[in-house]
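Take a look at the structure set out below.
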Amino acid sequence: MSSISSPANPNETLLKQHAAREKWVLLGLSAPALILVLIVMVLPVGWLFYLSFIGSEGTVSMENYARMLESKSYGRIFVTTFKVSVLTTAICIAIGYPLAYFLSQLPSRAANICMLAVLLPFWTSLLVRTYAWLVLLQRKGLINTWGIEAGLWSEPIALVHNLTGTLIGMVHIMLPFLVLPLYSSMKAIDPDYLKAASNLGAKPSQSFWQVFFPLSLPGLFAGSLIVFVLCLGFFVTPAVLGGGKIIMVSNQITNNIELFFNWGAASALGVVLLVVTLVILYVASKLLPLDNVMGGGH
Amino acid sequence: MSQTGALPISISQVTKRYGDVYALDNVDLEVKRGEFLTLLGPSGSGKTTLLMALAGFTRPDHGSIRFGDNEIILTPPHKRDVGMVFQSYALFPHMDVAANVGFPLKLRKVGKPEIAERVNEALETVQLAGYGERRINQLSGGQKQRVALARAIVFSPRILLMDEPLSALDKKLREHMQIELRHLHEKLGMTTVYVTHDQREALTMSDRIAVINHGRLMQLDTPRAIYDRPANRFVADFIGESTFLELDTKNGQLSFGGNVIKAPGWSGDTGKPALILRPERLVITSRTAGKAMNLFTATVRELVYQGDTSLMYAGLADGTEVTVRAGTRTGAAIENISIGDDITLGLHPDDTVVIDEAGEELAS
């Protein structure tokens, strides 16, 4: 079709160069972020990884990992970490699902106001919130004082410096991480689906369980996964509200460094925690229909 | 899936107000047993509100809706037993085609083998046999439309509601589906209420059309009658193209610019008579050839060639611009006309429709 005098593929080389240049420009734009991640993320983690293989003698050894397998206290720490994370996630689901559902059914103005109630604590410092719970929950705190004055119970209940206190604090802090993705996935459910279910003969409970709930699952999985993974590495709340009785992996890492000055042991724990978290994320991303929580989406 | 008991629908005094706006204003409407009735109106006219009231998703302020002999205004949607096709199709994305179509049967506790059988039958009816295991997001727009239809008819409802079901399809497919829906209706015989804003779709498909505006019924009649004998200016304007000419009355005779207008359909009522001029009913003629017709002299202002037809814009003596649409076959009169020509336009007395501009509402 091309005329005889013109070259076979006009401007082909120039257009290719153009495309290549565009690619380099894009790469250049992402370079600062890549370099930042490299410096603040990859290098320290690499350094940790290296440290975890250095024994007390300063030579390369597996003793930091061997200790984790041998010592019963480490096993307990991992069990505690998983127990607290699972319980926190479960309670968050039990409280957060109805809350997200309620929010998603409100007209948008009311939903925005209620959403503020979810977000305000979210924006408040974690440390402030944790200590606020300490004030509320301790032996002579507000809750025990009021409860006794009202005659609900006679002796102060141990609400803090134990598993209960840790869970109360962690659930409070984690709830928005569950509610936000869940709410957005519920908002994305076309109301026509529920109308259609109802039109086809579904009672309200049937349209909830057969249509709404399955469609909200990706958001529920995403939120639960975020909560669970954040719980695994959580430090402040168990440290403050657990009163030394709830020792999770990150608390032990601090102990190793601050009490025993053992960077190798701390690093090894950090590596194990990181690996476990990555494995959980990987398995979850393969098994669960997660809504965009990993980025790519479908 | 034979329909033994299609139900008539009787709507009376149904009113729905949103603030100061009447979405439905005392609507009375009878849908006959097995009829294909279209609610036609511009957006915001209340046609969808009426359909939603029939399905049970909108609660009217007052009024009565009966399916057959049963008052259903208080019946929740899931007990109304009407099929509905949504504009968005509303197919459940977490179920495959067969599960979607089988959903209403499962809710009615139909046995598994019978569900499978009836699902297949419904999919065959909409020409999607063998698509049962497809996921919803693997379907094209037209296929989704058919699945939604299969799901709405699989439980043999005696009333079928459709909310602009074809609006998301491209023009060719839409026209094809119009005919197909029409055939399906003839086959199944369900009383069907169809909502659309597309006048051509309404004319193509309906047994009767209910034209709605501002929550009120403007006219209820067959497609031909709606087009040929619009009851008021709104209907004449909304369906087809129209130019309105205000007429004078003298001694019970209508006239325009001093010329008597022959209008055998005119009832002779007093009021503000106006003549409806449809572009395709006006013909280019001459004083002698068009003796039997109502004649108008006009000056050609613009000519537009559109392939199958040509449009001519011409100014009448009083300045009113009328549109004439004519076929483009070789030798047609419009082919020999140029801008600025003075011509004679004719309107057959039987095509001469006069409405009373003072009366907006349907006199019934």
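The values are calculated or read from the model by the stated rules, or taken from the named source; none is laboratory data. Bear in mind the structure is a predicted one, so any value in this text is a computation, not a measurement. Cβ atoms come from the backbone with ideal geometry, glycine included; neighbour counts cover every protein chain shown.
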Check: Looking only at the stretch A:180-210, which residues are of a type outside the set (S, T, N, Q) and over 33 Å from the mean Cα position of the chain (by Cα)?
Finding: A:Lys195, A:Ala196, A:Ala197, A:Leu200, A:Gly201, A:Ala202, A:Lys203
Item checked: Selected residue (criterion: nearest to the chain's Cα centre (by Cα)) from residues of the stretch B:197-211 that are β-branched (Val, Ile, Thr) and modelled with pLDDT of 95 or more -> B:Ile209
Next item on the list: Return the residue satisfying two criteria in turn: it lies in the stretch B:40-74 and is under 19 Å from B:Ala6 (Cα atoms) and touching a residue at least 60 places away in the same chain (Cβ under 8 Å), and of such residues it is surrounded by the fewest Cβ atoms within 10 Å (Cβ to Cβ).
Entry: B:Gly68
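Restricting to helices (runs of 4 or more DSSP H) lying wholly in the stretch A:1-105: which have 2 or more residues that are out of contact with any helix residue (DSSP H, G or I) (no Cβ under 7 Å at 6 or more places or on another chain) and at pLDDT 90 or above?
Details: elements: A:12-37, A:43-51, A:63-70, A:72-105.
In the stretch A:1-105, A:12-37, A:43-51, A:72-105 are the helices (runs of 4 or more DSSP H) which contain 2 or more residues that are out of contact with any helix residue (DSSP H, G or I) (no Cβ under 7 Å at 6 or more places or on another chain) and at pLDDT 90 or above.
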Notebook entry, point to check: When you go through (1) over 26 Å from the mean Cα position of the chain (by Cα); (2) closer than 20 Å to A:Gly169 by Cα; (3) hydrophobic (A, V, I, L, M, F, W, C) one by one for A:Leu134, which number turns out not to apply?
Noted result: (1)
Note to self: For the stretch B:81-119, give me the residue count where each residue is in contact (Cβ under 8 Å) with a residue 60 or more places away in the chain and out of contact with any helix residue (DSSP H, G or I) (no Cβ under 7 Å at 6 or more places or on another chain).
What the structure shows: 2
Next item on the list: Scan the stretch A:167-210 for residues that are outside any helix (DSSP H, G or I) and within 8 Å of another protein chain (Cβ to nearest Cβ) and jot them down.
Entry: A:Asp190, A:Leu200, A:Gly201, A:Ala202, A:Lys203
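Out of B:Leu149, B:Leu139, B:Leu161, I need the residue that is in the same structural domain as B:Leu107 (by TED's automatic domain parsing), crowded, with 18+ Cβ neighbours inside 10 Å and over 18 Å from B:Pro104 (Cα atoms). Which one?
Values: B:Leu149 fails: over 18 Å from B:Pro104 (Cα atoms); B:Leu161 fails: over 18 Å from B:Pro104 (Cα atoms).
Only one candidate qualifies: B:Leu139.
Filter the stretch B:16-27 down to residues that are in a strand (DSSP E or B), on the phi < 0 side of the Ramachandran plot and surrounded by fewer than 16 Cβ atoms within 10 Å (Cβ to Cβ), then give me how many there are. Explain how you work it out, then say what you get.
Step one: filter the stretch B:16-27 for residues in a strand (DSSP E or B), giving B:16-18, B:21-27.
If we keep only those that are on the phi < 0 side of the Ramachandran plot as well, we get B:16-18, B:21-25, B:27.
Now drop any that are not surrounded by fewer than 16 Cβ atoms within 10 Å (Cβ to Cβ), which leaves B:17-18, B:21.
Qualifying residue count, the stretch B:16-27: 3.
For residues in the stretch B:141-171 being among the charged types (D, E, K, R) and free of Cβ contacts under 8 Å to residues at least 40 places away in the same chain, which is nearest to the other protein chains (Cβ to nearest Cβ)? I'd like the intermediate steps shown before the answer.
So in the stretch B:141-171, the residues among the charged types (D, E, K, R) come out as B:144, B:146, B:151, B:158, B:163-164, B:170-171.
After this cut, where a residue has to be free of Cβ contacts under 8 Å to residues at least 40 places away in the same chain as well, the list is B:146, B:170-171.
On the way: B:Arg146: 15, B:Asp170: 22, B:Lys171: 24 Å.
The extreme case among them is B:Arg146.
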Next item on the list: Starting from the stretch A:57-71, keep only residues that are among the hydroxyl-bearing types (Ser, Thr, Tyr), then list their pairs with residues that are surrounded by 12 or more Cβ atoms within 10 Å (Cβ to Cβ) and in a strand (DSSP E or B) whose Cβ atoms are within a distance under 6 Å, requiring at least 6 positions of separation or different chains.
Entry: none
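What strands (runs of 3 or more DSSP E) completely inside the stretch B:177-253 contain at least 3 residues that are in contact with a Pro (Cβ under 9 Å, 6 or more places away or on another chain) and in contact (Cβ under 8 Å) with a residue 60 or more places away in the chain? Break it down stepwise before answering.
Working: elements: B:191-196, B:208-213, B:216-221, B:243-246, B:248-250.
Output list reads B:191-196, B:208-213.
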Note to self: Which residue is nearest to B:His78 (Cα to Cα), if the candidates are limited to the stretch A:187-200 and must be of a type outside the set (Asp, Glu) and surrounded by fewer than 22 Cβ atoms within 10 Å (Cβ to Cβ)?
What the structure shows: A:Lys195
